[in-house]
Amino acid sequence: MFTIIMIMNIVIRRTQELERIKKLGPWILIFGRRKTGKTYFVKNFLEWHEYFFARRDNKLLDKDGNELSLEAFLEVFKREIGNKTIVIDEFHRLPESFFDFLHSLGVKGKLIAISSTLSYSRKMLNRSSPLLGLFSEFKFNLVDEKDIINSLKGLLNGKELIEAAVYLREPWLVPKFEENKNARDFLATFLLEQKGSIKALIGEIFSEEERRLSLVYEGILKAISDGKNTSTEISSYLFSRKLIPKDNPGLIQRYLEVLRDIGLIDKVEVFDSRKFKYFHISPLLDLHYYLEEKYAYSEVEVPEKFIRKVIDEKIPFHVESFFASLLSKKLGLKMVKVEKPEVDIALTEFNRIKVVGEVKWKKINQKELEAIEEKLYHFKNAEKYIILQEKGKLESKKAKLIDCNDLKT
């Protein structure tokens, strides 16, 4: 069985999430960034009996849209928790007294809680939280690489398939995607028309009383988009803009961890060192914050052709990350960064490099291919991949060539 999200002519199969959630306990907390499809997934593909949406005014809506006071909700909850599966959306908005009640109740019946904001990190990761240990945590991210490729097959082919897959992992882009428009043109139009919505999407994560903290988070997101990927580089960037009092990487670690917890960024270890490099999980947000940092495009008029030029520059890096993650999951190996010599893909097992690869998202000739082989030869005991848009007549005896046409997930 698999989860299907059908929008227009595109069917998104979320098999990975469904398989993961089946293995969890009776109380599950699904958390992550907004617009990743958490509520749709729960309401349409998990078994439940009662659904409640917690509003900001301490009232709730039931599955039929009826308004309930907190007291009325508690009455239903206490009566049904041992008999039915209950879903609570925007769980973090409920008062602390309800969390204390859950602690005293203990795990009973089946409960699915959904949270989207920074509040999750504050309330669930705090050591003094009464909720610690009660829930199986389920981090809900973008659509899995394997699922999005399989979902787009039959609609797109070759280069267009991969480039669309990289960005349509964002579920909220899918309804707006036009099959007869290539991904680059689509993205340029989308970024121009939806720049306010993208900014609001991130803004919703942070509450008004944390406005100052929000500037720090936004600064980190801009720094990463601008190629500042280590905590040292990010700290210097924030200090130069007077967002932190000292240029000290230690001061920003908690911010970096919160952004990781809510699914905006992640980090990858630099092989054979103590360093990490941070990156945007969403290529769409990477584009947005790069345009914000360089050109403040949400505040001034920027021609669509100019946005398209930025997309052309960024796509090869996003495709590279897409394939690195796809191979990492497929082979069950850990993704790392190797700096000497620098390669696009490096996967390890027990701290030994098992797979290396290069992604060339442009046409290359045999001589250029041989130069890539020479670089990869440095890793004598590793399996070697070279990923291309199209192999054509290129041949390699030293690495496995993969192109869009023979990609099988």
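The values are calculated or read from the model by the stated rules, or taken from the named source; none is laboratory data. Treat the numbers as computed from the prediction; the structure is a model and nothing was measured. When we count neighbours, we look across all protein chains shown, and the Cβ atoms used for this are built from the backbone with ideal geometry, even at glycine.
If the condition is being among the aromatic types (Phe, Trp, Tyr) and in a helix (DSSP H, G or I), then the range 161-181 contributes Tyr167, Trp172.
Among the listed residues Gly227, Gly219, Gly250, identify the single one that is surrounded by fewer than 19 Cβ atoms within 10 Å (Cβ to Cβ) and under 21 Å from the mean Cα position of the chain (by Cα).
Gly227
Of the residues making up the range 301-315, none is outside any helix (DSSP H, G or I), over 24 Å from Leu285 (Cα atoms) and β-branched (Val, Ile, Thr). Taken together, the residues in the range 12-30 that are over 23 Å from Leu152 (Cβ atoms) and among the basic types (Lys, Arg) amount to 2. Consider the range 21-35 and keep the residues that are buried (at least 16 other Cβ atoms within 10 Å of the Cβ) and assigned to a loop (DSSP other than H, G, I, E, B). The one that is modelled with the highest pLDDT is Lys35.
Within the range 299-309, being under 20 Å from Gly227 (Cα atoms) and either among the aliphatic types (A, V, I, L, M) or touching a residue at least 40 places away in the same chain (Cβ under 8 Å) (or both) holds for Ile307, Arg308. Can you tell me which residues in the range 339-357 are crowded, with 19+ Cβ neighbours inside 10 Å and in a strand (DSSP E or B)? Across the range 339-357, the qualifying residues are Ile345, Ala346, Leu347, Thr348, Ile353, Val355, Val356, Gly357. I need the full set of residues from the range 150-204 which are surrounded by fewer than 17 Cβ atoms within 10 Å (Cβ to Cβ), over 19 Å from Lys35 (Cα atoms) and of a type in the set (Asp, Glu), in order please. Within the range 150-204, Glu178, Glu179, Asp185 qualify. Here Leu18, Leu102, Leu74 are screened, and the one residue that is in contact with a strand residue (DSSP E or B) (Cβ under 9 Å, 6 or more places away or on another chain) and either of a type in the set (A, V, I, L, M, F, W, C) or part of a loop (DSSP other than H, G, I, E, B) (or both) is Leu102.
If you check Val336 against the conditions, is it surrounded by 13 or more Cβ atoms within 10 Å (Cβ to Cβ), within 23 Å of the chain's Cα centre (by Cα), more than 20 Å from Lys275 (Cβ to Cβ) and modelled with pLDDT of 95 or more? Considered against the rule, which asks whether it is surrounded by 13 or more Cβ atoms within 10 Å (Cβ to Cβ), within 23 Å of the chain's Cα centre (by Cα), more than 20 Å from Lys275 (Cβ to Cβ) and modelled with pLDDT of 95 or more, Val336 comes out as no. Only residues that are of a type in the set (Asp, Glu) and within 26 Å of the chain's Cα centre (by Cα) were counted across the range 50-103, and they come to 2. Scan the range 363-382 and give yes if some residue there is among the basic types (Lys, Arg), touching a residue at least 60 places away in the same chain (Cβ under 8 Å) and surrounded by fewer than 19 Cβ atoms within 10 Å (Cβ to Cβ), otherwise no. Checked the range 363-382: no residue is among the basic types (Lys, Arg), touching a residue at least 60 places away in the same chain (Cβ under 8 Å) and surrounded by fewer than 19 Cβ atoms within 10 Å (Cβ to Cβ).
Do we have Lys393 as out of contact with any Leu (no Cβ under 9 Å at 6 or more places or on another chain), in contact (Cβ under 8 Å) with a residue 40 or more places away in the chain, basic (Lys, Arg) and outside the structural domain of Asp266 (by TED's automatic domain parsing) here? No: the conditions fail for Lys393. Residues considered: Lys43, Lys63. Of these, the only one that is outside any strand (DSSP E or B) and at pLDDT below 95 is Lys43.
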